[in-house]
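The structure appears right after this line, and notes come after that.
The values are calculated or read from the model by the stated rules, or taken from the named source; none is laboratory data. It should be emphasised that the depicted structure is a prediction, and the values quoted were computed from it without experimental measurement. Every residue, glycine among them, receives a Cβ derived from its backbone with ideal geometry; neighbour counts consider all protein chains shown. Please note that ligands, DNA and RNA were not included when accessible areas were found on the heavy atoms of the full protein model with its side chains. Shrake-Rupley method; radii C 1.70, N 1.55, O 1.52, S 1.80 Å.
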Amino acid sequence: MQVLGAVERPHCYSLEELRWRSLRTQTVVLECAGHRRNEYRPRTVGLQWGVGAVSEARWTGISVAEMLAEASPTDAACEVVFEGADRGQHRSSSKEVPFARSIPLERALAGDVLLSWKMNGRPIPPRHGAPIRAIVPGSYGVASVKWVRRIAVVDRPFTGPFQTDDYQLNGKPLDELRVNSLIVHPEAAAVLSVSMVEVSGVAWGGRGGIDAVEFRHSGGPWQPTMLRCPHGPSGLTHWSGLLELPPGEQFIEARAHDRAGATQPEQAEWNALGYANNSIHRVRISVLASGRGKPAERDRAAWSRVCPRL
């Protein structure tokens, strides 16, 4: 692992040397920039991801800020580039280029950006970036470069194709996770035999974390949900609530609010590459006409373990 570029003391670290350093473990949500791309109309280019391209894991490694402190960036330094071992031909060039992304130097020095080699307490699987992966909390997954082989500190904005051609949102850099939520239960197309239903899901992203999540059915009034304490400031926030549903086909919606005042929109901002869909999540279900059941005791017990507000 090399640290080079606009630094006073370039250095090359072995994985064994990094493992003996002071370690940090963080629970972090990673969301693919193309998550829910298949919902955009008109259709966009790229893999037509549906719901599910988001996950949470515990990542263990060394703080990038610590490595940069040892390398001592110059006064002209402005960005930190993570370069992966994977490479290939990009549409913008006839030459092969490595996958590389940059973050501002001040972001890299914040302390929570990691070079990680453990995921959920075990070595990172190769498909998730082994032996070393960058982890940038609060940013779309593309910033958390896999198979990192070197860190370059640069004194001018990085212009690699995956920085300036791809992962742009209508001409603006795609960086911070937008406030978002998903309904996990009931699943889409579920057929329910009870009218009183526990609806639950997850929320993430947004500046300052999740402040509230609301839900409703069939265009009715928004109702508050209860929030469970998250595993960490960059982890998933679990939410739940009870809805009484009339018989027939219904749709349930959820929207989250962050602490900076942003709310999931009715429709996400359309963009040609289909990135950052954080629109209100909706699932369609059916309720049987005879369903008049009550929530199970386990559902009631779950409500006693929630944090009403973070």
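One table, with the values for the structure above:
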{"read-out": "Filtered residues of the range 221-235 (kept if open to solvent by 20 Å² or more (accessible area, probe 1.4 Å) and within 30 Å of A289 (Cα to Cα))", "value": "P221, W222, Q223, P224, M226"}
{"read-out": "Residues of the range 258-272 classified as part of a strand (DSSP E or B) and within 23 Å of V197 (Cβ to Cβ), total", "value": "0"}
{"read-out": "In the range 92-124, residue most open to solvent (accessible area, probe 1.4 Å) [restricted to those that are of a type in the set (A, V, I, L, M) and assigned to a helix (DSSP H, G or I)]", "value": "L105"}
{"read-out": "Residue match in the range 236-253 (condition: in a loop (DSSP other than H, G, I, E, B), at pLDDT 95 or above, open to solvent by 50 Å² or more (accessible area, probe 1.4 Å) and over 29 Å from D175 (Cα atoms))", "value": "no"}
{"read-out": "Any hit, the range 38-53, residues being within 18 Å of L115 (Cβ to Cβ) and surrounded by fewer than 17 Cβ atoms within 10 Å (Cβ to Cβ)", "value": "no"}
{"read-out": "Count - residues of the range 155-173 that are touching a helix residue (DSSP H, G or I) at 6+ places or on another chain (Cβ under 9 Å) and either surrounded by 15 or more Cβ atoms within 10 Å (Cβ to Cβ) or in a strand (DSSP E or B) (or both)", "value": "5"}
{"read-out": "Cβ pairs under 7 Å, 6+ apart, first in the range 73-87 and among the aliphatic types (A, V, I, L, M), second open to solvent by 40 Å² or more (accessible area, probe 1.4 Å) and modelled with pLDDT of 95 or more", "value": "A76/D155; A77/D155; V81/F158; A85/W147; A85/R149"}
{"read-out": "Number of positions in the range 240-258 that are under 27 Å from Q26 (Cβ atoms) and either acidic (D, E) or under 17 Å from the mean Cα position of the chain (by Cα) (or both)", "value": "4"}
{"read-out": "The one condition in (1) open to solvent by less than 10 Å² (accessible area, probe 1.4 Å); (2) out of contact with any Leu (no Cβ under 8 Å at 6 or more places or on another chain); (3) at pLDDT below 95; (4) not acidic (D, E) that N180 fails to fulfil", "value": "(3)"}
{"read-out": "Set R87, R58, R37, R21: member being within 25 Å of A203 (Cβ to Cβ) and in contact with a strand residue (DSSP E or B) (Cβ under 6 Å, 6 or more places away or on another chain)", "value": "R58"}
{"read-out": "Residue among S72, S93, S116 that is at pLDDT 95 or above, among the hydroxyl-bearing types (S, T, Y) and on the phi < 0 side of the Ramachandran plot", "value": "S116"}
{"read-out": "Selection count where residues are assigned to a strand (DSSP E or B), closer than 21 Å to S144 by Cα and open to solvent by 40 Å² or more (accessible area, probe 1.4 Å), scope the range 5-30", "value": "4"}
{"read-out": "Residues of the range 82-91 classified as surrounded by fewer than 20 Cβ atoms within 10 Å (Cβ to Cβ) and under 25 Å from P126 (Cα atoms), total", "value": "6"}
{"read-out": "Criterion (closer than 26 Å to Q267 by Cβ and not acidic (D, E)) met by exactly one of L47, L23, L68", "value": "L47"}
{"read-out": "Where a residue in the range 189-214 is farther than 28 Å from A289 by Cβ and its partner, wherever it lies, is open to solvent by less than 20 Å² (accessible area, probe 1.4 Å) and part of a loop (DSSP other than H, G, I, E, B), with Cβ under 6 Å and at least six apart", "value": "G205/L177; G205/V179; G206/V179; V213/T225"}
{"read-out": "Some residue of the range 57-75 being in a strand (DSSP E or B), of a type outside the set (S, T, Y) and surrounded by fewer than 16 Cβ atoms within 10 Å (Cβ to Cβ)", "value": "no"}
